[in-house]
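Have a look at the structure below before the remarks.
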Ligand SMILES: *Cc1c(COP(=O)(O)O)cnc(C)c1O
């Protein structure tokens with residue numbers, strides 16, 4: 001029956017594209033009786049390692065990217081209170097993970113064009129207590145890894161890459177997440193590969209990953225798969241005070257099939273991206289910078305800048321109007337120092353990082369899911385064009 005009000009369906013921002021293969025694998029996992037960490041997690045780790053061109057002993061699956069960041073920084077063995085330089089234009093989890101690891105976050109402003117952390121700002125933020133840099137490959141665009149690694153080498157710093165937006169991203173022919181000591185990935189529902197909740201740690205050093213694996217499961221020397229499998233009961237030893245961060249087979253069941261379609265979904269998002277670029281070229285809104293030569297963009301977020309002076313509508317007015325048009329949008333992100341917790345704890349003011357502040361106050365993420373049809377994309381385009389008045 002048709003809806004008499006004929007309201008279009010709400011276009012959910014970041015809706016995942018779930019297909020029959022995932023559904024069948026989840027069912028098979030449930031029927032197998034083994035829901036927890038086991039053979040499907042091991043397969044997902046092997047598949048992920050092969051896809052990022054590293055050894056399976058260089059990856060460890062966990063239950064979120066937040067967990068991956070936290071465990072990486074604990075496994076890195078940095079002394080408490082060490083300073084970690086990161087971007088103010090990121091999700092709060094990046095900064096919270098630094099704090100949970102007992103370290104001190106220091107912000108360095110972004111480049112206003114790329115929206116990624118500015119290497120000059122990193123260098124200016126270095127103090128005698130700096131021990132690590134935590135770049136975020138924002139929206140899927142790679143950070144300037146040649147310059148960041150040169151700074152890290154010069155000052156003897158570790159590098160932990162937040163690759164939550166950047167599963168497919170490459171820089172000068174090499175996957176991001178493989179430049180630093182650690183790369184941390186997210187499989188949250190809105191990300192490019194989905195397990196519901198989930199994350200992956202990739203490490204340059206296999207010993208770091210072995211430690212991260214132990215830390216991610218209570219600090220136990222043998223995981224449940226090895227204790228309760230048909231090889232017979234094995235005693236475990238607690239060798240550190242770890243966390244409960246392991247991924248379940250039920251999650252990996254989704255991820256295995258999502259990862260198999262990672263290229264197909266990337267190609268679909270690129271198509272939507274190019275359609276938006278063409279449709280919005282004449283509008284007085286800021287568009288994402290063109291991808292840099294010799295890099296691969298992950299096309300995770302299509303962010304436009306709504307400046308009230310140029311557009312005749314405020315950013316928040318734009319968000320409300322899109323919502324009234326039944327189109328879901330996102331904000332990535334209000335800069336970290338806009339939030340009261342960090343203001344109170346560190347005395348930060350948004351004005352100290354002016355590029356991140358301005359971007360955060362103007363940015364809107366438009367729907368870019370591979371689950372979108374061409375008609376969905378046309379609805380987004382029509383809505384933006386009519387709001388910005390062409
Ligand atoms: C989503 C996200 C995270 C956290 O990922 P989870 O898997 O949800 O913990 C961290 N950093 C950035 C930049 C993100 O977008």
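Read-outs throughout are calculated quantities, based only on the coordinates presented, and are distinct from any laboratory measurement. The structure displayed is predicted, hence computed values, not measured ones. Cβ sites come from the backbone with ideal geometry, for glycine too, and all protein chains shown count toward neighbours.
Relative contact order of the chain: what whole-number percent is it, with Cα pairs under 8 angstrom and at least 6 residues apart?
Computed value for the chain: 22 percent relative contact order.
Calculate the radius of gyration of the Cα atoms of the range 68-123 to one decimal place, then report Dmax, the largest Cα-Cα distance, as a whole number, both in Å.
In order Rg, Dmax, the Cα atoms of the range 68-123 give 11.7, 35 Å.
Test of understanding: in a Gaussian network model of the chain with alpha carbons linked when under 10 Å, which of 380, 59, 136 would top the mean-square fluctuation ranking?
Taking springs between Cα atoms under 10 Å, the residue moving most is 380.
Between residue 309 and residue 35, what length comes free when the chain is fully extended (0.36 nm per residue of separation minus the Cα-Cα distance, one decimal in nm)?
Using 0.36 nm per residue and subtracting the Cα-Cα distance, I get 93.2 nm.
Give me the three principal axis extents of the range 262-387 from the C-alpha atoms, as integers in angstrom, largest value leading.
46, 36, 24
Indicate, rounded to the nearest 5 percent, the antiparallel portion of the DSSP beta bridges found entirely in the range 112-249.
Just about 55 percent of them are antiparallel.
Shape of the range 1-115 from its Cα gyration tensor (a ≥ b ≥ c, root eigenvalues): rounded if a/c is under 1.5, otherwise prolate when a/b > b/c, or oblate?
oblate
In nanometres, what is the gap between the two model label sites at residue 129 and residue 207, each 7 Å from Cα along Cα-to-Cβ?
Placing both labels 7 Å beyond Cα along the Cβ direction yields 2.8 nm.
For a quick check, take a GNM of the chain with Cα springs below 10 Å and name the residue from 203, 232, 312 with the largest mean-square fluctuation.
The residue with the greatest mean-square fluctuation here is 232.
What Kirkwood Rh does the range 127-257 have if only Cα atoms enter the pairwise 1/r average? Answer in Å.
About 16.5 Å, per the Kirkwood formula over Cα pairs.
Just to be sure I understand: of the beta bridges DSSP finds with both ends in the chain, what percent are antiparallel, rounded to 5?
60
If R0 is 51 Å, what FRET efficiency do you get for residue 316 and residue 174 from their C-beta distance, rounded to 0.05?
Efficiency, rounded to the nearest 0.05: 0.80.
What order do you get for 188, 233, 245 when you list them from fewest to most C-beta neighbours inside 10 Å?
Result, fewest neighbours first: 233, 188, 245.
P(r) for the chain, please, calculated from all Cα pair distances in 10 Å bins and given in %.
5, 23, 31, 25, 13, 3, 1, 0
Per residue, what volume in Å³ does the Cα convex hull of the range 181-324 take up?
About 192 Å³ per residue, rounded to a whole number.
Checking the a/c ratio against 1.5 first, then a/b against b/c, what shape does the Cα gyration tensor give for the range 62-185?
Because its axes are fairly even, with a/c under 1.5, the range 62-185 counts as rounded.
For the chain, what is the mean residue ellipticity at 222 nm derived from helices alone (per DSSP H run of n ≥ 4: -39500 (n - 2.57); sum divided by total residues; nearest 500 deg cm²/dmol)?
Helix-only estimate at 222 nm: -12000 deg cm²/dmol.
Just 335, 365, 55 to compare: in a GNM of the chain, with alpha carbon springs under 10 Å, which one fluctuates most?
55
By its C-alpha gyration tensor, with a ≥ b ≥ c as the square roots of the eigenvalues, how is the range 123-190 shaped: rounded for a/c under 1.5, else prolate for a/b larger than b/c, else oblate?
Judged from the Cα gyration tensor, the range 123-190 comes out prolate (a/c at least 1.5, a/b above b/c).
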